[in-house]
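The values are calculated or read from the model by the stated rules, or taken from the named source; none is laboratory data. Since this is a predicted model, take the numbers as computed values, not measurements. Don't worry about glycine lacking a Cβ; one is built from the backbone with ideal geometry, like all the others, and counts go over all protein chains shown.
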Amino acid sequence: MDFIAYDLCHFKTISRHLANDVKTLLLRLGIYSITYESYYHNNRRNQEMTAYQVTVYNLKSFSEIIAPHLVVKKMKDVKLTGNEVHDAVSRPIFLDELGQIWKGSGRGLMEKYGFDRQHYCPVNWQNTLE
């Protein structure tokens, strides 16, 4: 991780693929993360670039599963509650509304909008997208 604070940690890369892989690995370990995009001008390449930041807010899970394996960065010794930032949109309502308007496959949704199938957590809904 690039940055570890008392309430969040994040990893930043210019590789969208690496950011998605890190997010997927964290999710498989039960750690929810959010990916943010930022844009900047790279003077060396003389072009506009996109950076991807994978952020974890649930430091309790992170400290139990990932932190023991960190070599360079160490977590601060604080009491962690496990509270994490939750989606501002109700997942069940969003998935229900998406299911009403999107008649294609999960792969098609991912290819067209970049909305990865891993985010269709409810098992019943995932089966309807395949």
- Go through region 26-37 and give me each residue that's out of contact with any helix residue (DSSP H, G or I) (no Cβ under 6 Å at 6 or more places or on another chain) and more than 12 Å from V56 (Cα to Cα). R28, E37
- Query: Name the pairs whose Cβ atoms lie under 6 Å apart, with the first residue in region 37-48 and farther than 19 Å from H17 by Cα and without any contact (Cβ under 8 Å) to a residue 12 or more places away in the chain, the second surrounded by 10 or more Cβ atoms within 10 Å (Cβ to Cβ) and not basic (K, R), and 6 or more positions between them or separate chains?
  - Reply: N42/M49
- Task: Name the helices (runs of 4 or more DSSP H) wholly inside region 15-130 in which the number of residues that are exposed (fewer than 10 other Cβ atoms within 10 Å of the Cβ), modelled with pLDDT of 85 or more and not charged (D, E, K, R) is 1 or more.
- Result: 16-28, 91-101
